[in-house]
Amino acid sequence: MTTRRLSGVPGSGLIIAAPSSGAGKTLITLGLLRHLRETGIDVISAKTGPDYIDPAFHTAATNRPCRNLDPWAMREETLGELAGDMAAKADDIVCEGVMGLFDGAVQSDDRHDGSTAALAEITGWPVVLVIDASKQAASAAVLAKGFATHRKGVDVAGVIFNRVGGARHVEILREAMKKIAPDLEVFGALPRNDALELPSRHLGLVQAREHKDLEVLLDKAADWIGEHLDIAAMRRAMRPWPVRPKSDAPLLIPPLGQKIAVARDDAFAFAYPAVLEGWRGAGSELSFFSPLTNEAPDPNADAIYLPGGYPELHAGRISANWDFMDGLQQAADASKPIYGECGGYMVLGHGLTDAEGRRHPMAGLLPLETSFAKKRLHIGYRRVALAKAGPLGGARTRFRAHEFHFATVVEEGPGLPLFRAEDASGRELGETGLADRRVVGSFIHLIDLERADGA
């Protein structure tokens, strides 16, 4: 389908949010994105917070990169640059929220608490609230009113009722909204559809590239959305991103080199598009290689980036791919910067033990042993500072970041730490990661440089 771009007019946006996780906002967002695309609307998407899985599904729905917008981990200048760029490239911007509307890092500054509400306040985009009405009637209207009036600066434009039981149920919900929350528009009611489900695993949904029938699902979701929602009313509720002066904000993450080889496949899929785009914007050249198919990084690259992903699911293949391993070793011998995040960090270690207890030798470039035999969830926002100067910047350079993994560290070190870390509340977490000459890594996923005021 050919899209139509309204040249010179900044794109307008809205945010799909919910009172809690599990309300169905991801599937609704995907269906809306595909429906808009298929009807010729130039649409681009965003996802609130630190998420790699949902954005890949967004990209499949629109055939355009999805941006992460994180009001805790990103400076407002960064958010402004990213949102402004989106508004310049598309007519419609659809952003999917995270967890419940007001759920974020616990701190006194609501505007930077990482919640979907904080992003709505910063961007000015209205919120469409997805309510699971499967076990509610009039109470759903009370819930909608409470969420709409709770926080000044957050504009809840209306609601979508999901998993409704039938025509009479919908009638009751609409009557309750007219009585209890008359200022909120009901954009539609979606019946339960068990055929529209997204499979999941321990870190969230199965990756988009692993979903064999994804195109069929997206098309069905688009039809479902088009049949039951007032899309025209939702588009009228969208609000333009205000034109702002170009920011002088530095890059999210400084480039590792002039020519950067980036691992990209099912085992190394967790790289933020905005980071890679920032490197390109700074003049760096990026090349991509697949460790799973035994590709070595480009020997002409002067730096290597191993992002996170699911190396534990492919540990045997990775371990046996000698061209890939030899390429890493040659780069290390040449003192080229090699940076591994989370899964990439584990691959840089000596060994990785899978969930069945089988140990697989890894690159051996860092003194690290990890295991999934006894999984333990590590999750949360992080403030980190570089322990010493290296490929990521000067000593004490501060970043906002997050951590999300199930791996257990069996052995880490001896060696120099990469970061000193704190959680979102400022509680010290000690040293984390390792640095050996120009080979560095940790379980931390970097998002942006720290704000100057540290707020």
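Go through (1) part of a helix (DSSP H, G or I); (2) modelled with pLDDT of 95 or more and name the single condition residue 277 misses.
Of everything listed in (1) part of a helix (DSSP H, G or I); (2) modelled with pLDDT of 95 or more, residue 277 misses just condition (2).
Can you name the residue in the stretch 110-137 that is part of a loop (DSSP other than H, G, I, E, B) and of a type in the set (D, E, K, R) and, of all such residues, is farthest from the chain's Cα centre (by Cα)?
My answer is 135.
Within the stretch 382-399, identify whether any single residue is over 30 Å from residue 74 (Cα atoms), part of a strand (DSSP E or B) and at pLDDT 95 or above, and answer yes or no.
No, every residue in the stretch 382-399 fails to be over 30 Å from residue 74 (Cα atoms), part of a strand (DSSP E or B) and at pLDDT 95 or above.
Would you pick out the residues in the stretch 281-301 that are among the polar types (S, T, N, Q) and closer than 13 Å to residue 318 by Cβ?
Those that are among the polar types (S, T, N, Q) and closer than 13 Å to residue 318 by Cβ: 290, 293, 294.
Would you be able to say whether some residue in the stretch 32-43 is surrounded by 24 or more Cβ atoms within 10 Å (Cβ to Cβ) and touching a Gly at 6+ places or on another chain (Cβ under 8 Å)?
no
Take the residues of the stretch 282-338 that are of a type in the set (A, V, I, L, M) and surrounded by fewer than 17 Cβ atoms within 10 Å (Cβ to Cβ): which is farthest from residue 409 (Cα to Cα)?
Among those residues, the one meeting the criterion is 282.
Given the criteria at pLDDT 95 or above and either touching a helix residue (DSSP H, G or I) at 6+ places or on another chain (Cβ under 6 Å) or among the polar types (S, T, N, Q) (or both), does residue 257 qualify?
The answer is no for residue 257.
What pairs come out if I take residues in the stretch 393-411 that are without any contact (Cβ under 8 Å) to a residue 40 or more places away in the chain and pair them with residues that are aliphatic (A, V, I, L, M) and part of a strand (DSSP E or B) whose C-beta lies under 8 Å away, six or more apart or interchain?
Note: pairs meeting the criteria are 394/386; 395/386; 396/385; 396/386.
Would you confirm whether any residue within the stretch 187-194 is farther than 30 Å from residue 375 by Cα, part of a loop (DSSP other than H, G, I, E, B), touching a Lys or Arg at 6+ places or on another chain (Cβ under 6 Å) and at pLDDT 70 or above?
yes
Within the stretch 358-367, can you find the residues that are touching a Gly at 6+ places or on another chain (Cβ under 6 Å), free of Cβ contacts under 8 Å to residues at least 60 places away in the same chain and part of a loop (DSSP other than H, G, I, E, B)?
Scanning the stretch 358-367 gives a single hit, 362.
Conditions first: (1) touching a residue at least 24 places away in the same chain (Cβ under 8 Å); (2) farther than 25 Å from residue 332 by Cβ; (3) not in a loop (DSSP other than H, G, I, E, B). Residue 355 passes all but one, so which condition is the exception?
The single condition residue 355 does not satisfy is (3).
If a residue must be of a type outside the set (Asp, Glu) and at pLDDT below 95, how many such residues does the stretch 28-57 contain?
Qualifying residue count for the region: 7.
For residue 299, indicate whether it is at pLDDT 95 or above, in the same structural domain as residue 268 (by TED's automatic domain parsing) and in contact with a strand residue (DSSP E or B) (Cβ under 6 Å, 6 or more places away or on another chain).
It is false that residue 299 is at pLDDT 95 or above, in the same structural domain as residue 268 (by TED's automatic domain parsing) and in contact with a strand residue (DSSP E or B) (Cβ under 6 Å, 6 or more places away or on another chain).
Out of the residues in the stretch 99-120 that are at pLDDT 90 or above and in contact with a helix residue (DSSP H, G or I) (Cβ under 6 Å, 6 or more places away or on another chain), which is surrounded by the fewest Cβ atoms within 10 Å (Cβ to Cβ)?
Out of the qualifying residues, it is 102.
Of everything in the stretch 255-296, what is farther than 24 Å from residue 53 by Cα and either among the basic types (Lys, Arg) or in contact with a Pro (Cβ under 9 Å, 6 or more places away or on another chain) (or both)? Give them in sequence order.
Selection gives 256, 257, 259, 282, 283, 284.
The values are calculated or read from the model by the stated rules, or taken from the named source; none is laboratory data. All values derive from a computational prediction rather than experimental measurement. Please note: Cβ atoms are built from the backbone with ideal geometry, for glycine as well, and neighbour counts cover all protein chains shown.
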